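The values are calculated or read from the model by the stated rules, or taken from the named source; none is laboratory data. None of these values were measured; they are calculated from a predicted model. Note that each Cβ is placed from the backbone with ideal geometry, even for glycine, and that neighbours are counted across all protein chains shown. To get the accessible areas, we keep the full protein, side chains included, count just its heavy atoms, and leave off ligands, DNA and RNA. Shrake-Rupley method; radii C 1.70, N 1.55, O 1.52, S 1.80 Å.
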Amino acid sequence: MFLQNYWYVAAWAHEVDRLPLGRIFLNKPVVLFRKQDGAAAALEDRCSHRCYPLHKGRLIDDNLECGYHGLTFDCSGRCVKVPGQSHIPPGADIHAYPVAERWGLVWIWMGPPALADASAIVDWHLMGDPHRDVKGEYLHVKCNYQLITDNLLDLSHLTYVHPRTLGSSAKVDEVKIKNEIAADSIVNSRWLIDIAPPPTYARANFKGNVDRWQITTFRPPAFLSLYAGAAATGSGAPEGNFNEAVGLHTFNAMTPETATTTHYFWAIAQEHGPAGENLTDAIFLDIQKTVQEDIAVFEAQQRSLDLKPDAPMTAIKSDAAPLAARRIIDRLLDLEMSSLRC
């Protein structure tokens, strides 16, 4: 159901501290916490004695004590204490998950620990650029993660779902779309030429029509970065001149919780504005509104699918990138299943 041998976002770095945090990833309960030296750690969130969630326990130094009968586990998952006896029973150890920190996020590897290689984490270095302000949030969404991927790879919905922020009055047939589909990535580019700026861009003080772009990059399992912006019509943006442009980088990571729920992490990375002008907060609020509007769509879709899981969904022209992403995931799932059978 889910790809295992990939890094997923588990939490924002500030969410993980000495108070154990319980979350479910890929149908597996996980507890996150920080060791005394500040390093993040992740264990199976299930005591091997009576399956009580360990995030309801407490940290003692770098060991996690179960809040039910006091069994204690170190950061490798080894049971180091059973109250009332000196013998540790066979099978008392629990699973430990590799974790890494990049760009203000804690990442977790859900597959075999021996295969974990932090260099394989998706490259979102702009979130660590000191010349940019970064602002993001975590959302728990009641939908399958692929519904969010579909949405981000088909931005034709902006006109209908976000008319007060990012929506445009441009007709769909006036949008120039290019899909670059590779074995493990998709780049979806949309250009809207010589249009009235949508509300969010109008607030950036454009005086006339703009050329607008949306360039989305997908990498499995569910990482999408979006470079979107606008420039005054005729200033050369379609030819690669972005000097007079207003651009914004948005990052989206969807970590499946279950088949019908998702941990959604998103952020913007905005270049520093003039002294005293906090562009990030103002832009974040606008993007946040669009995210909330999208979530209402995702959750409504999921409710419909729950009632009729086999409901057919007609494909249209703008589905090229979302369908390609689903094919990539299906192929990678087949490869993982084949390797397990071998």
Original post:
Hey, any idea what % of the stretch 5-56's accessible area is carbon plus sulfur with a 1.4 Å probe?
Top reply: 51
Original post:
So how tilted is helix 279-307 from the main axis of the chain? Cα-based, degrees 0 to 90, rounded to 10.
Top reply: 70
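Going by average Cβ density within 10 Å per residue, which order do the peptides 38-44, 56-62, 84-90 take, highest to lowest? Show your work: numbers first, answer last.
Details: 38-44: 19.0, 56-62: 14.6, 84-90: 8.4.
Order by mean packing, descending: 38-44, 56-62, 84-90.
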Original post:
Counting each DSSP H run of 4 or more residues in the chain as -39500 (n - 2.57), what helix-only mean residue ellipticity at 222 nm follows after dividing by all residues, to the nearest 500 deg cm²/dmol?
Top reply: -6500 deg cm²/dmol
**OP:** Using Cα centres only, tell me the gap between the stretch 292-340 and the stretch 1-48 in whole Å.
**Re:** 26
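Applying 1/(1 + (r/R0)^6) with R0 = 45 Å to the Cβ-Cβ distance of K142 and K207, what FRET efficiency is obtained, to the nearest 0.05? Spell out each step's value before the answer.
Values: r = 42 Å, r/R0 = 0.94.
That pair, K142 with K207, gives E of 0.60.
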Subject >> In degrees, nearest ten, helix 320-341 long axis to first principal axis of the chain (Cα) >> reply: 20
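How high is the FRET efficiency from Q292 to R50, r the C-beta distance, R0 41 Å, rounded to 0.05? Spell out each step's value before the answer.
Values: r = 40 Å, r/R0 = 0.97.
Working from the Cβ atoms, E equals 0.55.
If you place +1 on the Cβ of every Lys and Arg and -1 on the Cβ of every Asp and Glu, how big does the dipole about the Cα centre of the chain come out, in debye to the nearest 20?
On the way: 32 positive and 40 negative charges, 134 e Å.
The dipole of the chain has a size of about 640 debye.
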Original post:
With labels modelled as points extended 7 Å from the Cα through the Cβ direction, what inter-label distance (nm, one decimal) is found for W12 paired with Q301?
Top reply: 2.5
Original post:
Given the Cα-Cα distance of I24 and Q85 and 0.36 nm per residue of separation, how much length would full extension add, in nm?
Top reply: 18.8 nm
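State the three equivalent ellipsoid semi-axes of the stretch 1-155, derived from the C-alpha gyration tensor as the square roots of 5 times its eigenvalues, in descending order and whole Å.
On the way: eigenvalues 194, 61, 41 Å².
The three semi-axes for the stretch 1-155 are 31, 17, 14 Å.
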Original post:
Expressed in nm to one decimal, what extension gain is obtained for the pair A114 and M1 from 0.36 nm per residue of sequence separation less their Cα-Cα distance?
Top reply: 38.5 nm
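Convex hull over the alpha-carbon atoms of the chain: what's its volume per residue in Å³?
Values: hull volume 54.8 nm³, N = 342.
Hull volume normalised by residue count: 160 Å³.
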Original post:
How large is the accessible surface per residue of the chain, computed with a 1.4 Å probe and reported in Å² as a whole number?
Top reply: 49
**OP:** Starting from the Cα of K317, draw a straight line to each of the aspartates and glutamates and keep only those under 18 Å, dropping any in the same chain fewer than 8 residues away.
**Re:** D150, D154, D173, E174, E180
Subject >> Net charge over other residues, Cβ less than 14 angstrom from the Cβ of I268 (K, R count +1; D, E count -1) >> reply: -3
**OP:** Straight distance only, please: which lysines reach the Cα of K135 with their own Cα at less than 19 Å, same-chain residues fewer than 8 apart left out?
**Re:** K289
